[in-house]
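**Student:** Okay, handing you the structure first.
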Amino acid sequence: MDCWARLGKEGTTPQEISIDVNCESLGTVTHEIAHAFGFVHEHKHFERDDYIIVQYENINSTQWFNFDIELESTVEDFGIGYDYGSVMHYRGNSFTKNKNLTILTVDPNYQDTIGQEVGPSFADVKKLNFAYCNSTCPNTLNCERGGYVDPNNCNRCKCPEGFGGQLCEKVAVNIKACGASNLTATRSTQVIKAAGAKTCYYLIKAPTNKRVFFNLIKKAFPNYWQCSGGYVEINYNGDFKLTGARYCFYEPTVSQSKHEELLVIYKGAEDSEFALSYRYDDPSTASRVNNIEKTGCAIPKKMEKN
Ligand SMILES: [Zn+2]
């Protein structure tokens, strides 16, 4: 049995999707259904060499075909780009023959983001809507932050997690225990923190042409694979349609936003906790955090990007 589906629509009769006893999670079921909708694995994306490094020495050569790159001429991604948080992305240890990692992310900040099995990402759903529902609405809207016209309500945009309003112009409203979600960075350092089982959103804004400088000063999450026990997600590159960098095990190696906005999402379980300090300053080229000094534990050598 196993978990599998054949790629794309095959004929005019219903086709089988196999959901075995270990495949019942929403993430796995939607992964298989997406195959039937025509989705290939994200790590086979034609631009994947800019995003991941496959460690072939840790994979049996009979399984190397699972990491073949799809041609750009056969795959349409609607300009959405490579999403580390796609439900179609394999885990860091998929097909390992020796327990070592088989997929390293080029930007080490995304090592905990790949391989999530919770459910489709915003970019997954956006791609699906572009493929099947793009002609539903006759109008266009100036959706912000990577949002797009909602095929179920042509007067509104579908927004990435953390954003809302008609055009994704608003940040999500927090429950009281999280504190305010709309934050303005100042020259002096401020701190946000949250603990326990809840979801909190924080959009931190710097003035025009300035950058948000941040430091993850506390991070406590159970070390489950791929952050399944909670994480703090920091979207520092400003492309909000793509999943941000999730941290539960590894430490950030960046400390400033690429543009004026920094989005922080806390997804906590009972024993989780995080705290992040922030301020604004002029853009700097030296953005690495010294992990050894800060936490006493270095990122493993093989994770280092030269
Ligand atoms: Zn698959």
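The values are calculated or read from the model by the stated rules, or taken from the named source; none is laboratory data. Computed from a prediction, not measured in an experiment: that's the story for all the values here. A quick note on method: Cβ atoms are made from the backbone with ideal geometry, for glycine too, and the neighbour counts reach across all protein chains shown. Please note that ligands, DNA and RNA were not included when accessible areas were found on the heavy atoms of the full protein model with its side chains. Shrake-Rupley method; radii C 1.70, N 1.55, O 1.52, S 1.80 Å.
**Student:** Please give the residues of region 206-244, grouped as numeric ranges, whose backbone N is less than 14 Å from a label point set 7 Å along the Cα-to-Cβ vector of Thr184.
**Tutor:** Correct set: 206-208.
**Student:** Moving on. Please report the Cα spread of region 85-233 along all three principal axes, rounded to whole Å, starting with the longest.
**Tutor:** That gives 53, 45, 32 Å along the principal axes, largest extent first.
**Student:** Would you mind pulling out the separation of the Cα centroids of region 4-63 and region 244-262, in Å?
**Tutor:** 28 Å
**Student:** I need the calculated FRET efficiency for the pair Leu167 and Glu76, taking r as the beta carbon distance and R₀ as 30 Å, to the nearest 0.05. Before the final figure, lay out each step's value.
**Tutor:** On the way: r = 26 Å, r/R0 = 0.86.
Working from the Cβ atoms, E equals 0.70.
**Student:** Rounded to the nearest percent, how much of the accessible area of region 4-121 (1.4 Å probe, protein heavy atoms only) is carbon and sulfur? Walk me through the numbers on the way to the answer.
**Tutor:** Working: 3130 of 5930 Å².
In region 4-121, the share of accessible area belonging to carbon and sulfur is 53 percent.
**Student:** Run the Debye formula on the Cα coordinates of the chain, all scatterers equal and no solvent, and tell me log10 I(q)/I(0) at q = 0.09, 0.16 1/Å.
**Tutor:** -0.48, -1.48
**Student:** If we count every other residue with Cβ under 12 angstrom of Leu183's Cβ, Lys/Arg +1 and Asp/Glu -1, where does the sum land? Can you show the working numbers first?
**Tutor:** Numbers: positive: Lys205, Arg279; negative: Glu261.
The answer is +1.
**Student:** Just to confirm a number: summing +1 for Lys and Arg and -1 for Asp and Glu over residues other than Phe122 whose beta-carbon lies under 13 angstrom from that of Phe122, what do you get?
**Tutor:** -1
**Student:** Quick check for you: with a 1.4 Å probe and neighbouring chains kept, what is the accessible area per residue of the chain, in Å²?
**Tutor:** Details: 15670 Å² over 306 residues.
Normalised by residue count, the accessible surface of the chain is 51 Å².
**Student:** Another question, if that's okay. How much of the accessible area of region 140-264, in percent, comes from carbon and sulfur atoms when a 1.4 Å probe is used?
**Tutor:** On the way: 2780 of 5750 Å².
Carbon and sulfur: 48 percent of the exposed surface of region 140-264.
**Student:** Using only the Cα atoms of region 126-202, build the gyration tensor, take square roots of its eigenvalues as a ≥ b ≥ c, and label the shape rounded, prolate or oblate: rounded if a/c is under 1.5, else prolate if a/b is larger than b/c, else oblate. Walk me through the intermediate numbers first.
**Tutor:** Working: a/c = 3.20, a/b = 2.28, b/c = 1.40.
Here region 126-202 falls in the prolate category.
**Student:** Quick one: 3J(HN,Hα) in Hz for region 55-69, Karplus 6.51/-1.76/1.60 with θ = phi - 60°, rounded, Gly and Pro as x.
**Tutor:** Along region 55-69, the couplings run 8, 4, 5, 9, 10, 4, 4, 5, 9, 4, 4, 5, 10, 5, 7 Hz.
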